[in-house]
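So the structure is just underneath, and the comments pick up after that.
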Amino acid sequence: MALSRPALPIAALLLALAAAGPARADQMVDNVEGIRIGEDGRVDRFEAIWIDDDGRVKQVFDRGDKRPERVRYRVDGKGQVLIPGLIDAHLHVMGLGLAALTLDLSDTATLEEALERIAAFARDNPQRPWIIGRGWNQEKWGLGRFPTAAELDRAVADRPVWLERVDGHAGWANSAAMKAAGVGPGIANPPGGRVERVGRSMIPSGIFVDAAMALVTKAVPEPRPADRDAALIEAQAILHRSGITAAADMGTTIEDWQAFRRAGDVGRLTLRIMAYAAGPEAMTLIGGSEPTPWLYDDRLRLNGVKLYLDGALGSRGAWLKKPYADDPANTGLPLMSASQLRNTIVRAALGNFQIAVHAIGDAADAEVLAAFGEVAASFAGDRRWRVEHAQIVDPADIAGFGRHGIIASMQPVHQTSDRLMAEARLGPARLAGAYAWNSIAATGAKLAFGSDAPVERPDPFAGLAAASTRTDAGGEPFGGWIPAERVSREAALAAYTATAAFAGFAEKRFGRLAEGERADFVLIDRDPLLASPDELRATRVLETWVGGSRVFSAAAK
C-alpha cells in the first residue's frame, strides 16, 4: 500500500527532540508535584527526581530532602505535576500509525457523512490503486444495520475500496474490491467468519465479519516497508503527545517487528514496545524458540503471542453463551475450537512465551479461563497469562481471574463507548458482569488498562475518568453505569503505570519511577488524583520523557 502523504521529516524530528532537552546526562528535575504508585499500591508524593547518565532514576526526593550539590543539568519543573510515563496495556502501534496516514472515518456521525468523506479522499488521492481506511461504526451512525457495497459504490466505483470497522472485526468492501478479490454470489462462510448477504440471497452485501475479512484482504496491497516506517514515527508522536511512554502491541507481525527493529537500529525508537505476536507462526518467526531479550535499552521485547478466541460486540462476533438479544439466531463466532485453544496455549507455554487471549463475550471468557485452569497444572512458574478485553463475563466465571495469576487487560473507554450497544446486544438482565473492573480486581487479579487504539483514542486521562466514574464525557449516565464496578483513581493510575508494566514483565525496568528504573515520566497541568472528572478528561500533557530524554514538549509545537 503506497501512501501519498510524504514520509515525515525524520531527521528534522530527531534534531528537534535532541534540542528539546538534555539526553543521557546526569540531571535533576526539581520543583515538581510528583506522584507515583508504590509497591504497596499507595500514592507517594515527591518534589524532585535525579536521573543518572544512563537515563535511570538515581534518587527521588521528598520535601525537605537535601539535594546533591553537583548535577550536570538542572531542570526547573515550575511546580508542574509529574507522574510516571503512562503505559497503554493494549493497542496496535502500526494500526494507529497507518490509520493516521490513511482514511479515518471514526468521527463520522452518519452514513452520508462517511460516504462524502470517502468520495473526497478518493478525489484527493487519484494515484492510489485502492482506497484503504477504517473507523466506521454503524451503531454510531444510528443505521440499525450494516452498510452495503451498493452504498459504497455511490462514493467510489472506479477502484477497490476496503474499510475496516472501528473494532477491526468487520470490513466493508465496494463492488470493485469484491471483484478484485474474486468474491461473488454463493461464496461460503469460512470457519470463524461470516459473509453478510443481500436479503435472504447468497449475494455478498459487502460486509465481511472476522475470519471472512480474509476473503478480501488477500487482495489488498500490503503497506511497503517505507509506509510502516512512517506509520511508526507517526504512532510514536501521537502516543507521546498523550503522555504514553510504553505500550503492549497486540498482534505484532514480522513486518511490524522489522519496522520496530529498523527504528531501534538507528535510534528512532522512542516508545517502549512490549510485543505480542500475531499468532503462533509470527511468534516463531520473530522469537524463534523463546521470547526475545530486551533490546535498545528496554525499548523492545517480544513477550509472547496474541490469540483471538472471538470477535466483537459491534459486529455481533463476540461469542456468547446465549443468543444476542437483538439477533436471536446468533451467538457470535468462536474463532478457535477448544482443542485448538489448548494446543496453542501449550505450544506457546513450552517456549515460555506469555499468552494473551482476546475474549469479549461471556462464552469466550469462560472458555479461556477454563483453558488456562486446565493447562496451568502442567506449567510452573510466573506465567502472567492475560485475557484481553474481558468485556462481558458471566458473574459465575469472574472468580476464575483470581486463579493462576491471570491478568485482566481491559480498556475503560470501551465501557463508555459501548454502553448503549451492550444494552441492546444483551438486554439488561445479562449486564451484571459487563466491564466488571472492580469485581475482577476483588478476586486478586491484576488490572492492566489500555485503549485498544486505533479502536479508541489513546487518551489515558479519558480512561482514568471512565474507570473511576463509569460515566462518559457528557456525565452520562448520572451516577455511573453499574457504579459498583468503578475503581479508585489510585487503582486506575496503577493500572496505567506500575501494573501495566508488571503485565508485560517490565517491572523493575519502568513503570514506577523507582530507583534503578528507566526515567520515563510525564509533566501535566493538573493533579489527576484531585481533578474533577471533566478536568481530568481535559488534562494537558506538557512534556513526555523517555529514559531521561524529552521526546515531546507542548511548548515546542
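The values are calculated or read from the model by the stated rules, or taken from the named source; none is laboratory data. Only a predicted model underlies this, so the values are computations on that prediction, with no experimental measurement involved. Don't worry about glycine lacking a Cβ; one is built from the backbone with ideal geometry, like all the others, and counts go over all protein chains shown.
Points worth noting:
- The listed residues are THR110, THR102, and the only one of them that is polar (S, T, N, Q), modelled with pLDDT of 95 or more and over 17 Å from ALA246 (Cβ atoms) turns out to be THR110.
For every residue, the table says whether it meets (1) crowded, with 22+ Cβ neighbours inside 10 Å; (2) over 22 Å from GLU255 (Cα atoms); (3) in contact (Cβ under 8 Å) with a residue 24 or more places away in the chain.
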| residue | (1), (2), (3) |
| --- | --- |
| ALA282 | yes, no, yes |
| GLU290 | no, no, yes |
| TRP319 | yes, yes, yes |
| PRO328 | no, yes, no |
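- Yes/no for ILE83 being among the β-branched types (Val, Ile, Thr) and either over 27 Å from ALA177 (Cβ atoms) or in contact with a Gly (Cβ under 9 Å, 6 or more places away or on another chain) (or both): yes
- Considering the stretch 203-256, and only residues there that are over 15 Å from VAL93 (Cα atoms) and among the basic types (Lys, Arg), the residue that is surrounded by the fewest Cβ atoms within 10 Å (Cβ to Cβ) turns out to be LYS218.
- Qualifying residue in the stretch 181-202 (condition: surrounded by fewer than 18 Cβ atoms within 10 Å (Cβ to Cβ) and under 14 Å from ILE132 (Cα atoms)): no
- Among the residues of this structure, ARG159 counts as one that is charged (D, E, K, R), touching a Pro at 6+ places or on another chain (Cβ under 7 Å) and over 30 Å from THR539 (Cα atoms).
- Cβ-Cβ contacts under 8 Å between residues 6 or more apart (or on different chains), taken from a first residue in the stretch 413-431 that is closer than 13 Å to GLY314 by Cα to a second residue that is basic (Lys, Arg) and part of a loop (DSSP other than H, G, I, E, B), are listed as GLN415/ARG470; ARG425/ARG316.
- Test result for GLY97, touching a residue at least 24 places away in the same chain (Cβ under 8 Å), of a type in the set (Gly, Ala, Ser), surrounded by 14 or more Cβ atoms within 10 Å (Cβ to Cβ) and closer than 25 Å to LEU493 by Cα: no
- Condition check for GLN391: out of contact with any Ser or Thr (no Cβ under 8 Å at 6 or more places or on another chain) and modelled with pLDDT of 95 or more: yes
- Highlighted here are the strands (runs of 3 or more DSSP E) found entirely within the stretch 517-557 that include at least 3 residues which are over 22 Å from the mean Cα position of the chain (by Cα) and within 18 Å of ILE49 (Cβ to Cβ): 549-553.
- Identity of the residue in the stretch 277-329, in a loop (DSSP other than H, G, I, E, B) and polar (S, T, N, Q), that ends up farthest from PHE505 (Cα to Cα): SER315
- Of the strands (runs of 3 or more DSSP E) lying entirely inside the stretch 148-216, those containing at least 1 residues that are of a type in the set (Asp, Glu) span 161-165, 193-197, 204-210.
- For ILE207, the criteria (1) in contact (Cβ under 8 Å) with a residue 60 or more places away in the chain; (2) under 30 Å from LYS179 (Cα atoms); (3) out of contact with any Ser or Thr (no Cβ under 8 Å at 6 or more places or on another chain) hold in every case but one, which is (3).
- The sole residue among LEU3, LEU115 that is surrounded by fewer than 21 Cβ atoms within 10 Å (Cβ to Cβ), modelled with pLDDT under 95 and over 28 Å from ALA448 (Cβ atoms) is LEU3.
- Residues located in the stretch 337-372, provided they are more than 18 Å from ARG316 (Cβ to Cβ) and outside any helix (DSSP H, G or I): SER337, GLY351, ASN352, PHE353, GLN354, ILE355, ALA356, VAL357
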